[in-house]
Structures are given as C-alpha cells and as structure tokens.
1. Could you please give the count of residues in region A:68-83 that are open to solvent by 10 Å² or more (accessible area, probe 1.4 Å) and part of a helix (DSSP H, G or I)?
2. Kindly indicate whether any position in region A:133-154 is crowded, with 22+ Cβ neighbours inside 10 Å, away from DNA strand B (no atom under 16 Å from the Cβ), more than 28 Å from A:Ala71 (Cβ to Cβ) and among the basic types (Lys, Arg).
3. Which residue, of A:Ala488, A:Ala536, is under 22 Å from A:Arg592 (Cα atoms) and in contact (Cβ under 8 Å) with a residue 12 or more places away in the chain?
4. How many of the residues making up region A:191-204 are buried (at least 22 other Cβ atoms within 10 Å of the Cβ) and touching a residue at least 40 places away in the same chain (Cβ under 8 Å)?
5. Within region A:52-65, is there a residue that is in contact (Cβ under 8 Å) with a residue 24 or more places away in the chain, farther than 30 Å from A:Phe136 by Cβ and buried (at least 24 other Cβ atoms within 10 Å of the Cβ)?
6. Is it true that A:Arg380 is more than 13 Å from DNA strand C (Cβ to nearest atom), within 19 Å of A:Gln446 (Cα to Cα), at pLDDT 50 or above and not aliphatic (A, V, I, L, M)?
7. Return the total of residues in region A:615-642 being within 15 Å of A:Val482 (Cβ to Cβ) and open to solvent by less than 90 Å² (accessible area, probe 1.4 Å).
Amino acid sequence: MPRVTPLGASLILEHVLADPSVPAAVVTKLLVALPFPSHPTPRLRRAVLLHHLAADPVSESSLDTLQLLAALPAPASPIAAAHIAVAAYLAVSASDFDVAVGALFARPNGRARLAVDEGGSSALASDEVMTTVDQFEAAVGNSFSQAVLRGLWGDRSATEERVRDLLAAEWAAIGPSLLVQAAERIVGDGAVETWRAADEATRAKLRILAGEERTHEILRKLEEPTSSANPISTPAVEKVINSLKTSCAELHSVVEDPLPAAKAVADEVLAARMEKSVSLDAEEARGQPTTCGTAGPSAPNDKGKGPSTGKPYSLMDWNPTARTFQWEESPGPESSEPSLRRPHLPSPRRAPVSPLPPGENKNRRRRARKWCLLEEETLRQGVEQYGSGNWKDILNNNPDVFIGRTPVDLKDKWRNMINRYRGIVRPPTTEKAADILLEALFSACQNLADEASSLPSEQKEFKLYKQHVDDLHHLAGNYDSVIVCLGAKVRSLPELANKLPLRTCRGVIAEFKLPSDTVEEYGSQSPSILSDAWLAFQGPRSVSIGSTWQWKSENDSSTVSDEESLTAMEELLPKASGVYPRINKWDFVGARAGIRAMPPLTANGSLPLLGCLDDLLGKKSNCTFWLVGGLGARGLLYHGLVGKLTAKAVISCDENIIPSEFTCWNTIKP
DNA sequence: TTAGGGTTATGG
DNA sequence: CCATAACCCTAA
C-alpha cells in the first residue's frame with residue numbers, strides 16, 4: 001500500500017481538523033503524522049489557524065494568527081474586535097508601554113496599524129478600530145491616557161473572550177469538508193446522477209462506501225425514469241470519488257476503522273438531509289469539483305503512485321505514532337448494520353442554521369466609565385470649535401482625551417451636560433430675557449461648584465430665589481452675609497440711594513453688518529479693536545461699536561429712539577473710522593443702550609467699589625452686607641478678581657483681605 | 001453619521 | 001423607589 005499522498009493527507013486533515021472538539025494533542029499528532037500539503041485549501045489553513053488560536057488565544061503569536069486568518073476569504077465578522085483586543089492587550093500589558101505602542105500602533109509601520117490601515121486587511125479595519133489605534137499612538141508619554149487604556153484593554157480574560165467569540169463564529173461558518181461534499185455526491189443529493197454516470201467498476205467502489213441498503217435505494221431511484229435529473233460532469237465526480245476512496249484508505253491507517261468512518265460521514269449527510277436543515281443546490285454541487293481542484297496541484301506527483309487499491313501497508317515505517325490496519329475492500333457484514341458501529345472519528349457538524357452569525361448577536365454592554373473633568377472641558381471646547389453635532393470631528397481631534405468613547409457617547413454626554421440643571425432651574429416659557437440670563441448665571445455657578453467639589457461631603461447646596469427686596473434688612477434674618485451686586489440699580493435701594501460715590505452714565509452701542517452682496521469679509525481672525533471707541537467684531541460680517549457717554553442720565557431703557565441713535569452714530573462713526581475706515585461699507589442695523597454706574601476717578605484710575613457696608617448702613621443685626629459695584633461697563637474685565645476678593649473677605653469676615661484701593665472709598669466716613 | 005427615544009446600572 | 005449618568009438601538 002502506498003504512502004499517504006499529499007492530496008489524501010490534505011483531504012484527511014481538511015476533514016478532521018475543521019472541528020473545534022478535536023483535542024489539541026490530536027491536532028498536533030495528525031499534523032506530525034501526515035505530510036502537510038504545500039498548497040492547503042483555505043478551509044484547511046483556516047482550521048489549522050483556528051486550532052492555533054484556540055490553544056494560544058492572547059499572545060504575540062496569536063496576533064499573527066489573527067492577521068493570517070483575516071487574509072483568508074470571508075473571515076468571520078468578530079475578527080476585527082478580536083484583533084484590536086489582542087493588540088491593545090499586548091500594548092497595555094507590556095513592560096514598557098511606550099515601546100510596545102511604538103511597535104504596534106505608531107505611524108507608519110506599527111504592526112497592528114498596518115494590519116488595520118488601508119492596504120491591510122479590510123476585515124480588520126473599521127472606524128472604531130482606527131480610533132483606538134490613534135488613541136494608543138496619542139497615549140505615548142501620557143500617563144493619564146495610559147491609565148485609562150489599561151482600564152479599558154487590560155483585562156486578559158475579556159480579550160480572550162473576544163477571541164473565543166471569533167472562534168465560535170469561524171467554526172460555525174467553516175462549512176462542509178471536501179469529504180462531506182464527496183459523500184453528498186455518493187449517497188446524498190446528487191447520488192443518483194453520480195451513480196448513473198459511473199461504470200460498473202466505479203459502482204462497485206461506490207457500493208462499498210454507500211452500504212448495501214443505501215445502494216439499493218439509489219439503484220432503485222436510478223431505474224425510475226426521472227428525466228429531470230441533470231447529469232453532472234463525470235470526470236469531476238470521478239476525481240472526487242477517487243480522492244474520497246484514497247483518503248478513506250489512508251484515514252484507515254491513522255484512525256481505527258476506515259470504512260465505518262467513511263460511512264459515518266455518509267450517514268451524517270443522510271441525517272442532515274432528513275432534517276432538511278441543509279440542502280446543497282445544484283449550482284453549489286457543480287462548483288465543488290472546481291473547489292476540489294484547488295487541492296489538485298498539490299498532488300501532481302501522486303499520479304505515478306496511482307490510487308490506492310487496497311494493498312495493506314504500514315505507516316510505521318515513517319510514523320511511529322500511526323497504527324497499522326488491514327484494509328478489506330469487500331463489504332463486511334457490518335456494512336448492513338451501520339448504526340451499530342459508529343466510529344469515534346470526530347466529524348465536523350454542519351453550520352447551525354442561524355439567522356445571525358453567532359458571536360455577532362450577543363452584544364455585551366460596555367462597563368460605564370465616568371467622564372472626567374478633562375473630558376467634559378474638552379467636549380465643551382470641541383462643541384465651541386466644531387459645533388454641536390460634529391461629534392466625530394470632536395472625537396478624532398482629541399484622541400488623547402476621549403479614550404474608549406464613541407461619537408454617540410460624546411453626543412449623549414453633551415445632552416447630559418446641557419440638561420444638568422433642568423430639575424433645579426426650569427426656564428419659564430414666558431420669562432423675560434433678564435431672568436433667563438440670571439438662571440444661566442446661576443447654572444454656571446452651580447456647574448463650577450460641582451466641578452470643584454470632588455467628594456460628596458463637599459457638595460454645596462444652591463438655591464435661586466427671585467423676589468422683590470424693598471429693604472436690605474428684610475434679608476438679614478435669613479443670611480449670615482449678603483453681597484449687593486446691583487450695578488446702576490443700586491440706587492433703587494433706599495439705604496444706599498445717595499450714599500455711594502457713583503455717577504450714572506448711559507451708553508449707546510450700535511450694531512453693523514456687512515451687506516449681503518459684499519464678498520470681502522473682515523479678517524480671518526476678526527480681531528476686535530479697543531480705541532477711542534471700541535469695535536467688537538462678532539464673526540466676519542457683524543460688529544458692535546460703542547459707546548457713547550451720557551452722564552447723569554436717568555434713562556435705563558435698553559431701547560434707543562431714532563433720534564438718539566442718530567446722535568450716537570454722529571459720535572461713534574468718526575472715532576470708529578479713525579481705526580477702521582472701511583466701516584463706511586457696513587450697514588447700520590440697530591442700537592441698544594444701557595446704564596452704567598461709574599466710580600470716581602482716582603490716582604489709580606476708576607476702580608470698582610468693594611467692601612463691607614456695615615458702617616455705612618449701621619449694624620442692626622448679625623448679618624453683614626457687602627458691596628460689589630462701580631464696575632462701570634467693565635464687569636467682564638473685573639468680575640473674576642472682585643468676585644474672588646469679595647468671597648474671601650466674606651468667608652473670613654475680614655475686609656482687609658480686599659486691597660485698600662478698592663475699599664478706600666468707604667473709609668471716608670462721617 | 002447623527003438625533004432621539006429607550007435601557008441599564010448606581011447611589012441616595 | 002427615584003433621579004441621574006452612561007450606554008444602546010434604530011431610523012433617516
């Protein structure tokens with residue numbers, strides 16, 4: 001008996017190995033025992049890679065295996081997730097993160113980056129994977145990012161699970177072996193056509209494989225005048241049959257009993273057909289000899305040795321692990337009782353008929369990870385820069401911050417952030433703009449306090465009351481301290497009406513826009529100008545110009561009459577055109593006004609009025625009153641400084657914390 | 001890819 | 001039991 005031919009070995013391996021239940025030891029022995037074909041079929045390559053992966057799911061070498069697997073036709077869908085999980089795990093578990101990330105993810109030649117980039121396997125690529133790769137690259141030298149990545153990808157068992165998901169999907173989709181396909185031909189669908197085309201000698205061989213019972217069945221059908229049967233390529237079928245027969249003989253040398261093994265394959269095919277769970281259509285059947293042909297090139301040298309015709313021989317010559325066996329070509333008595341002698345040869349199951357590929361339908365939920373302040377701040381800036389809705393841009397331009405976040409996560413987070421205070425401050429539908437601004441201010445304060453307080457015990461409670469106050473002392477009973485921040489309206493408090501050195505000054509500001517037919521816009525960066533008048537540009541086509549000075553005005557209305565705006569323009573335009581002559585190309589679109597409370601001019605300039613009011617008001621309770629006023633129109637400039645100084649002074653009950661330049665207005669006491 | 005409705009996990 | 005934050009699903 002001749003040695004196992006490469007073609008035969010290929011068929012055996014291809015059939016036996018494509019089964020997850022074959023123990024690793026058996027796989028190894030088979031691979032050692034049989035000559036591995038120089039051009040294995042994709043199915044065999046796949047089976048070997050899958051066994052490799054199962055034995056060693058998370059390692060440097062499994063990364064290679066995954067990449068090879070991805071290069072095979074039609075890799076299972078979970079492969080991208082498994083590949084990035086293994087690569088990421090290798091990076092975060094390496095002794096030197098930066099070195100490992102350089103080798104795996106750095107541009108241009110990181111091992112995993114190449115695999116998922118354009119030019120690499122498309123099966124490994126996705127937007128999400130690219131994002132992760134960029135995140136790793138950006139994390140070099142950034143211990144914060146590394147820590148987050150470790151948390152996300154450092155779980156070995158989770159990584160292994162990704163690989164197992166892939167294995168399950170691959171095994172489920174691996175399809176029938178060539179032997180099974182041949183068996184389909186001999187005893188399954190297509191049996192009648194195969195037998196019809198066979199000559200007497202071939203039929204004798206087929207009879208051995210099919211068993212007496214099935215042979216009679218097939219022959220009976222053959223007699224029926226079913227003209228609808230379409231004959232299939234005889235040479236191709238014969239090739240398969242010969243292959244099958246040869247490999248059965250060889251299989252016999254490796255496992256216990258070859259004929260029952262072949263029969264088992266046939267029986268399984270029959271069972272499968274009974275269940276109607278699988279059916280090969282004629283098109284598929286015709287294609288199979290071609291598939292078989294891919295194994296053909298591996299066997300040109302075998303031709304001379306000829307097909308095995310039943311000469312017994314021992315594999316012991318070259319393989320001590322193999323067992324010798326006597327091959328009987330005659331159908332034994334057991335052939336009529338196939339079910340009694342089920343072989344122990346593991347056979348691949350047909351892919352379960354499932355609407356979805358297994359492993360893809362079981363989506364596990366990511367563990368919720370709290371957003372850190374940096375992420376929130378970056379999101380705020382991102383929305384400002386790219387606009388709300390451009391989540392992907394924001395994400396991809398901050399790979400070092402948004403680690404393990406998706407664009408949808410950013411969207412959801414923004415939704416949470418802008419809704420944060422809806423339960424505390426609900427803007428009434430018919431509120432005036434001023435009240436809405438007040439609520440916005442309150443929300444901003446609460447937001448800041450939340451961010452500053454990391455511990456629950458440090459949480460501060462805020463309340464926003466809106467009520468009319470006739471008299472400061474009405475507040476005294478409820479508060480330790482009251483800070484008066486009223487601007488020009490401070491005059492409306494009877495206790496302070498004429499006691500503060502403030503002069504009111506109305507100002508008008510005018511808004512201009514570029515005519516829509518003007519193509520040329522104002523500079524790319526739109527710098528604003530502070531001059532005799534100021535020009536505050538709001539983007540490239542809009543500017544506000546201010547301000548006029550109407551001392552001692554009592555008019556605090558924000559609306560401006562035509563007459564007043566004309567006067568204001570005559571005052572503002574000469575000053576504006578002095579620094580920006582092209583203002584005459586702009587259109588006036590409206591004017592607004594406001595009233596400011598101006599402090600006295602001192603040697604240090606016009607400084608805000610800060611400090612404790614108790615001496616001024618007369619101490620009538622335990623409540624202390626404080627003033628933040630006289631900022632003129634410069635609240636934006638001063639609010640941070642005066643707010644901080646006043647807060648410190650109020651908390652420590654010590655006015656001296658505030659520099660005397662701000663409080664000296666109040667030292668001139670009666 | 002995004003918007004918006006829905007679900008799950010967690011802490012009070 | 002509720003409110004909230006993070007996350008998921010799906011239509012367009």
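The values are calculated or read from the model by the stated rules, or taken from the named source; none is laboratory data. Quantities reported herein were computed from a predicted structural model and do not represent experimental measurements. No Cβ is skipped: glycine too gets one built from the backbone with ideal geometry, and neighbour counts run over all protein chains shown. Only protein heavy atoms, including side chains, enter the accessible area calculation; ligands, DNA and RNA are left aside. Shrake-Rupley method; radii C 1.70, N 1.55, O 1.52, S 1.80 Å.
1. Kept after step one, since they are open to solvent by 10 Å² or more (accessible area, probe 1.4 Å), are these residues of region A:68-83: A:68, A:71-78, A:80-81.
Checking the rest, the ones that are also part of a helix (DSSP H, G or I) come to A:68, A:71, A:80-81.
Qualifying residue count, region A:68-83: 4.
2. Checking region A:133-154: not a single residue is crowded, with 22+ Cβ neighbours inside 10 Å, away from DNA strand B (no atom under 16 Å from the Cβ), more than 28 Å from A:Ala71 (Cβ to Cβ) and among the basic types (Lys, Arg).
3. Details: A:Ala536 fails: in contact (Cβ under 8 Å) with a residue 12 or more places away in the chain.
Being under 22 Å from A:Arg592 (Cα atoms) and in contact (Cβ under 8 Å) with a residue 12 or more places away in the chain holds for just one of A:Ala488, A:Ala536, which is A:Ala488.
4. Within region A:191-204, the first condition is being buried (at least 22 other Cβ atoms within 10 Å of the Cβ), and the residues that meet it are A:191, A:194-195.
With touching a residue at least 40 places away in the same chain (Cβ under 8 Å) added as a condition, the list becomes A:194.
The total comes to 1.
5. Among the residues of region A:52-65, not one is in contact (Cβ under 8 Å) with a residue 24 or more places away in the chain, farther than 30 Å from A:Phe136 by Cβ and buried (at least 24 other Cβ atoms within 10 Å of the Cβ), which makes the answer no.
6. yes
7. Selection size over region A:615-642: 11.
For (1) β-branched (Val, Ile, Thr); (2) within 14 Å of DNA strand B (Cβ to nearest atom); (3) within 19 Å of A:Gly154 (Cα to Cα), each residue gets a yes or a no:
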position	(1), (2), (3)
A:Arg364	no, yes, yes
A:Lys370	no, yes, yes
A:Glu376	no, no, no
A:Gln381	no, no, no
A:Asn390	no, yes, no
A:Asp393	no, yes, no
A:Ile403	yes, no, yes
A:Pro407	no, yes, no
